[in-house]
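Novice: Questions regarding the structure given below will be posed in turn.
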Amino acid sequence: MTPDTASVACDGWDGSECEGTPHCPPRCPRFVDKEGARWTIRPAVDADEPLLAEMYDRFDRADRAQGLPPVSRNRCAEWIRSMLSEGNNVVAERDGELLGHAMYTPTDAAVPELAVFVHPDAQDRGVGTELCRHVIANAAAAGREGIELHVETGNRVARSVYGTVGFEVVERRGDLLMRLDLDDPVATEVRWPPLAREGPTEPAVDLSPADGGAGRSPADD
């Protein structure tokens with residue numbers, strides 16, 4: 001794509017008519033929230049570790065669920081490092097600041113686990129929903145069979161977000177276990193743009209590090 005055609009395709013960050021290229025990631029990284037602010041949803045890299053630590057340091061206890069993110073700075077740093085090495089991670093970035101983080105882990109599981117975190121300052125803007133869609137698109141592109149998550153029964157906001165992107169409750173034992181099978185049409189619908197594309201179905205870059213354990217967390221829209 002030449003600079004001229006890129007400018008036309010990306011004008012206003014409206015990708016509704018973009019057909020993409022074989023080199024596009026599973027879902028377009030451009031995102032405009034409910035307030036009209038522009039975001040980039042991109043793969044996390046090791047250099048994001050201190051930025052994620054800064055984001056999580058600003059979480060109150062009420063913003064955490066099921067023990068995550070850990071309250072202790074040292075434990076939180078260890079957890080972030082573990083997720084970056086063991087999971088498939090994406091971050092939500094606005095004006096150079098990270099305000100959202102999502103992942104599925106472990107990367108080689110047939111049905112890995114989803115975790116989504118959005119800073120309180122960025123909630124109620126659709127960021128959590130968009131992060132979920134990116135994780136679903138990445139997992140589908142990587143050939144996972146499904147994706148699951150645990151959410152507290154009383155967390156209606158998170159349950160609504162997960163329901164919006166296609167998750168269904170499959171087990172009720174204290175927390176709720178929700179699952180999305182990746183042969184569901186939503187797994188194709190979230191891979192936008194391109195709406196229809198010929199070429200590789202895998203991400204343009206390797207987004208699947210080593211094996212590891214799952215984390216549990218709520219998503220906030």
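Novice: Go through the stretch 46-67 and give me each residue that's open to solvent by 70 Å² or more (accessible area, probe 1.4 Å) and out of contact with any Cys (no Cβ under 9 Å at 6 or more places or on another chain).
Specialist: The answer is Asp46, Ala47, Pro50, Glu54, Arg58, Asp60, Arg61, Ala62.
Novice: Considering every residue within the stretch 86-102, establish whether at least one is assigned to a helix (DSSP H, G or I), over 13 Å from the mean Cα position of the chain (by Cα) and under 23 Å from Glu54 (Cα atoms). Lay out the reasoning, then the answer.
Specialist: The first filter runs over the stretch 86-102 and keeps only residues assigned to a helix (DSSP H, G or I), leaving 86.
When the remaining residues are screened for being over 13 Å from the mean Cα position of the chain (by Cα), the result is 86.
Now restrict to residues that are under 23 Å from Glu54 (Cα atoms): 86.
Checking the stretch 86-102: at least one residue is assigned to a helix (DSSP H, G or I), over 13 Å from the mean Cα position of the chain (by Cα) and under 23 Å from Glu54 (Cα atoms).
Novice: For the stretch 77-90, give me the residue count where each residue is in contact with a helix residue (DSSP H, G or I) (Cβ under 8 Å, 6 or more places away or on another chain) and crowded, with 24+ Cβ neighbours inside 10 Å.
Specialist: The total comes to 3.
Novice: Ala115 - would you say it is part of a helix (DSSP H, G or I) and of a type in the set (Gly, Ala, Ser)?
Specialist: Against the criterion (part of a helix (DSSP H, G or I) and of a type in the set (Gly, Ala, Ser)), Ala115 does not qualify.
Residues are listed down the side, and each one gets a yes or a no for (1) modelled with pLDDT of 95 or more; (2) open to solvent by 30 Å² or more (accessible area, probe 1.4 Å):
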position: Glu19; (1), (2): no, yes
position: Ala92; (1), (2): yes, no
position: Tyr104; (1), (2): yes, no
position: Ala110; (1), (2): yes, yes
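Novice: Could you please find all residues in the stretch 105-134 being touching a Pro at 6+ places or on another chain (Cβ under 9 Å), more than 16 Å from Pro69 (Cα to Cα) and among the β-branched types (Val, Ile, Thr)?
Specialist: Of everything in the stretch 105-134, just one residue is touching a Pro at 6+ places or on another chain (Cβ under 9 Å), more than 16 Å from Pro69 (Cα to Cα) and among the β-branched types (Val, Ile, Thr), namely Thr107.
Novice: Could I ask something else about it? Here are Asp124, Asp183: which of them is under 19 Å from Ile41 (Cα atoms), charged (D, E, K, R) and assigned to a loop (DSSP other than H, G, I, E, B)?
Specialist: Numbers: Asp183 fails: under 19 Å from Ile41 (Cα atoms).
Matching residue, one of Asp124, Asp183: Asp124.
Novice: Which numbered condition trips up Val118, out of (1) surrounded by fewer than 22 Cβ atoms within 10 Å (Cβ to Cβ); (2) touching a Gly at 6+ places or on another chain (Cβ under 6 Å)?
Specialist: With (1) surrounded by fewer than 22 Cβ atoms within 10 Å (Cβ to Cβ); (2) touching a Gly at 6+ places or on another chain (Cβ under 6 Å) applied to Val118, the lone miss is (1).
Novice: Taking the options Val135, Val190, name whichever one is out of contact with any Leu (no Cβ under 9 Å at 6 or more places or on another chain), modelled with pLDDT of 85 or more, open to solvent by less than 70 Å² (accessible area, probe 1.4 Å) and of a type in the set (A, V, I, L, M).
Specialist: Being out of contact with any Leu (no Cβ under 9 Å at 6 or more places or on another chain), modelled with pLDDT of 85 or more, open to solvent by less than 70 Å² (accessible area, probe 1.4 Å) and of a type in the set (A, V, I, L, M) holds for just one of Val135, Val190, which is Val190.
Novice: Based on this model, can you work out whether Gly143 counts as open to solvent by 50 Å² or more (accessible area, probe 1.4 Å), more than 13 Å from the chain's Cα centre (by Cα), modelled with pLDDT of 90 or more and on the phi > 0 side of the Ramachandran plot?
Specialist: yes
Novice: Against the definition (open to solvent by 10 Å² or more (accessible area, probe 1.4 Å), in contact with a strand residue (DSSP E or B) (Cβ under 7 Å, 6 or more places away or on another chain) and at pLDDT below 85), how does Ala196 come out, yes or no?
Specialist: Against the criterion (open to solvent by 10 Å² or more (accessible area, probe 1.4 Å), in contact with a strand residue (DSSP E or B) (Cβ under 7 Å, 6 or more places away or on another chain) and at pLDDT below 85), Ala196 does not qualify.
The values are calculated or read from the model by the stated rules, or taken from the named source; none is laboratory data. Everything numeric here is computed off the predicted structure, so don't read it as measured data. Cβ: placed from backbone, ideal geometry, glycine included. Neighbour counts: every protein chain shown. Areas reflect the complete protein model, heavy atoms only, side chains present, ligands, DNA and RNA absent. Shrake-Rupley method; radii C 1.70, N 1.55, O 1.52, S 1.80 Å.
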